[in-house]
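What follows is a short report on a single structure.
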Amino acid sequence: MGKLYTVREIMVRRLVTLRPNQPIRDAIDILLRSRISGAPVVDADGKLIGMLSEKDCLKVFVNDAFHNTDPDHVEDYMSRTLTTIDPDADLFAAASMFLKNSFRRLPVVENGKLVGLITRRDVLDATRRLADRPAVEKPWSDSKYITDEVKAALAGRPKGPR
């Protein structure tokens with residue numbers, strides 16, 4: 001019988017991270033060179049203290065134009081309100097978090113330290129791999145794995161393709 005993936009099994013471990021005191025223009029260059037839409041911001045001990053997204057970086061341009069000043073550091077633009085996930089959470093918990101929020105990436109934190117990152121695409125890829133399994137290997141198809149909040153969101157949607 002198949003099992004449901006955990007976040008630990010699908011997360012990315014090798015991360016591009018940023019520092020709070022790093023010049024914002026350097027951080028933007030890193031995001032562009034790495035072809036990523038955002039990155040975690042960590043302190044010297046590896047503790048997650050923020051996230052910097054493309055949207056945050058667009059504020060640099062607008063702020064610079066409005067105030068006619070040079071942009072400062074990552075900490076001046078990063079998002080400090082963080083939603084994280086435990087590496088032992090299952091795929092449904094990760095999907096639920098992405099359904100409830102508009103962000104594209106979710107930091108994985110264990111014992112207060114950043115240990116990985118999952119994106120909506122990682123979750124989608126994992127769900128696709130699970131969907132390809134034979135029905136007998138899908139013990140999670142029982143709706144007990146789906147939170148009440150997600151069930152409510154799905155209640156008004158048609159079943160199957162449109």
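The values are calculated or read from the model by the stated rules, or taken from the named source; none is laboratory data. Bear in mind that the values here come from a model prediction, so they are computed numbers and not experimental data. Heads up, the Cβs are rebuilt from the backbone with ideal geometry, glycines too, and the neighbour counts pull from every protein chain shown.
Of all the residues that make up region 30-47, how many are of a type in the set (V, I, T), farther than 21 Å from S102 by Cβ and free of Cβ contacts under 8 Å to residues at least 60 places away in the same chain? Let's see the steps before the verdict.
So in region 30-47, the residues of a type in the set (V, I, T) come out as 30, 36, 41-42.
From what is left, the residues that are farther than 21 Å from S102 by Cβ are 30, 42.
The next check asks that each one be free of Cβ contacts under 8 Å to residues at least 60 places away in the same chain; those that pass are 30.
Matching residues across region 30-47 total 1.
What's the number of the only condition in (1) farther than 19 Å from R121 by Cα; (2) in a strand (DSSP E or B) that L52 fails to meet?
The one condition L52 does not meet is (1).
Has region 73-86 got at least one residue that is of a type in the set (S, T, Y) and modelled with pLDDT under 90? Working first, answer last.
Looking only at region 73-86, we keep the residues that are of a type in the set (S, T, Y), and these are 77, 79, 81, 83-84.
Filter again for modelled with pLDDT under 90, leaving none.
Among the residues of region 73-86, not one is of a type in the set (S, T, Y) and modelled with pLDDT under 90, which makes the answer no.
Just the residues that are charged (D, E, K, R), under 22 Å from E54 (Cβ atoms) and touching a residue at least 40 places away in the same chain (Cβ under 8 Å), please, taken from region 118-134.
Taking region 118-134 first, the residues charged (D, E, K, R) are 120-122, 125, 128-129, 132-133.
Of the ones still in play, those that are also under 22 Å from E54 (Cβ atoms) are 120-122, 125.
The answer is D122, D125.
Could you give me the residue pairs with C-beta distances under 6 Å whose first residue belongs to region 48-71 and is aliphatic (A, V, I, L, M), whose second residue is modelled with pLDDT under 80 and not in a helix (DSSP H, G or I) wherever it lies, and which are 6+ apart or on separate chains?
Close Cβ pairs satisfying both conditions: V60/P71.
Mind checking which residues of region 27-37 are exposed (fewer than 13 other Cβ atoms within 10 Å of the Cβ) and of a type in the set (S, T, Y)?
Matches in region 27-37: S34 only.
Answer yes or no as to whether G2 is under 23 Å from L99 (Cα atoms), at pLDDT below 95 and out of contact with any Pro (no Cβ under 6 Å at 6 or more places or on another chain).
For G2, the condition - under 23 Å from L99 (Cα atoms), at pLDDT below 95 and out of contact with any Pro (no Cβ under 6 Å at 6 or more places or on another chain) - is not met.
What pairs come up if the first residue lies in region 89-117 and is without any contact (Cβ under 8 Å) to a residue 24 or more places away in the chain, the second is in a strand (DSSP E or B), and their beta carbons are under 9 Å apart, counting only those six or more places apart or on different chains?
Close Cβ pairs satisfying both conditions: M97/I85; M97/L106; L106/I85; L106/L117; L106/I118; L106/T119.
Give the residue that is nearest to Q22 (Cα to Cα), with candidates limited to residues of region 38-58 that are of a type outside the set (A, V, I, L, M, F, W, C) and exposed (fewer than 14 other Cβ atoms within 10 Å of the Cβ). If you could, list the steps in order and put the result at the bottom.
Our first condition is that a residue be of a type outside the set (A, V, I, L, M, F, W, C); within region 38-58, this holds for 38, 40, 43, 45-47, 50, 53-56.
Add one more test, that the residue is exposed (fewer than 14 other Cβ atoms within 10 Å of the Cβ), and what stays is 43, 45-47, 54.
On the way: D43: 11, D45: 16, G46: 15, K47: 16, E54: 16 Å.
This residue is D43.
Given the criterion more than 21 Å from G38 (Cβ to Cβ), modelled with pLDDT under 95 and either surrounded by 14 or more Cβ atoms within 10 Å (Cβ to Cβ) or of a type in the set (G, A, S) (or both), identify the matching residue among L130, L99.
L130
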